[in-house]
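Contents: one structure, followed by commentary.
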Amino acid sequence: MEEAIKVDRKHRKIGITPDMADRCYTCGTCGGGCPASGLVPVEGGEGAWDPRKAIRAIVFGMEQEVVDSKWPWVCTLCGRCQYQCPMGIQLMKTFRACRTARERGKVPGPIHKGTMMNLERGNNLGIPRDDFLFLLADLGKEVEDECCPGFYVPVDKEGANIIVTINSKEPFAEPDDMKFWWKIFYAAKEDWTVSSVNWEGVNWGLFSGDDPAWKEQVRRIIENARRLKVKTILYPE
């Protein structure tokens, strides 16, 4: 049986079905394999957060303490706790719901700002379109000169087999990383392309718990694939 885990944004509550309290054995199996166990102290209490403690706090009505803590953000949502749970409790979904319940202005780090930047400019770091296209052309010429005669970066090519999405940190700070993929495509004689707009492949809306932004970014990538009549979408992660 899967819990109905919902977020009441108005009251910032994590809605779960009451039977979770009976189903959780508090056996600690979830915490035993969790890489984040013990990293976040419980404010105003003893010890540190782990999956078992966080789930029990939510079950007993202390969801706000979990939402306001650093635990949902130190948790990597790797799913190991959920995989190991003998009762099949949806821990990962619950902890992501804690991220969703956090006020957007209090989301730690740059993740919310990056999400808003993506919605506004098509990538998390706000790289202008002209700068992006200039970089692709420049790097493409480097690849051609290094090893791949006739190589160029195909932008907005219709009917390609693969459309490549990109982690914006690569054109921003690690542009040579893109060249590894391109050289493989060249050697394999792959038919591929890159969109000139909304090319970001890292969806920070997913990680920040912002469902509307998450869905919009997915919609844009799918729209790119449909617009260019491409068969396959390649994500960087």
Worksheet, complete the sentence: So, over other residues within a Cβ distance under 12 Å of residue 145, counting Lys, Arg +1 and Asp, Glu -1, the net charge is -2
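To the nearest 500 deg cm²/dmol, what mean residue ellipticity at 222 nm is calculated for the chain from DSSP H runs of n ≥ 4 alone, each contributing -39,500 (n - 2.57), summed and divided by the residues?
-13000 deg cm²/dmol
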Worksheet item: Gaussian network model of the chain, Cα springs within a sub-10 Å range: biggest mean-square fluctuation belongs to which of 65, 174, 158?
Response: 174
Fill in: the range 145-237: trypsin sites (Lys or Arg not before Pro) falling in loop per DSSP and having at most 12 other Cβ within 10 Å
189, 229, 231
Worksheet item: Among 71, 182, 204, whose mean-square fluctuation peaks in a Gaussian network model of the chain (Cα, cutoff 10 Å)?
Response: 182
Fill in: Within a Gaussian network of the chain (alpha carbon springs, distance under 10 Å), most fluctuating of 213, 160, 97
160
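Residues with beta-carbon under 15 Å from that of residue 192, excluding residue 192: net charge, scoring Lys, Arg +1 and Asp, Glu -1? Let's see the in-between values first.
Working: positive: 157, 179, 183, 189, 229, 231; negative: 156, 158, 190, 191.
Combined, the nearby Lys, Arg, Asp and Glu give +2.
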Worksheet item: Can you list the lysines whose alpha carbon is less than 21 Å from that of residue 169, not counting same-chain residues fewer than 8 positions off?
Response: 113, 141, 179, 183
Worksheet item: Quick one: Karplus J couplings for the range 115-131, per residue in order, coefficients 6.51, -1.76, 1.60, θ = phi - 60°, nearest Hz, x for Gly and Pro?
Response: 4, 5, 5, 4, 5, 7, 10, x, 7, 5, 9, x, 5, x, 4, 5, 5
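Laboratory data are not the source of any read-out in this text; all were calculated from the coordinates shown. The structure displayed is predicted, hence computed values, not measured ones. Cβ sites come from the backbone with ideal geometry, for glycine too, and all protein chains shown count toward neighbours.
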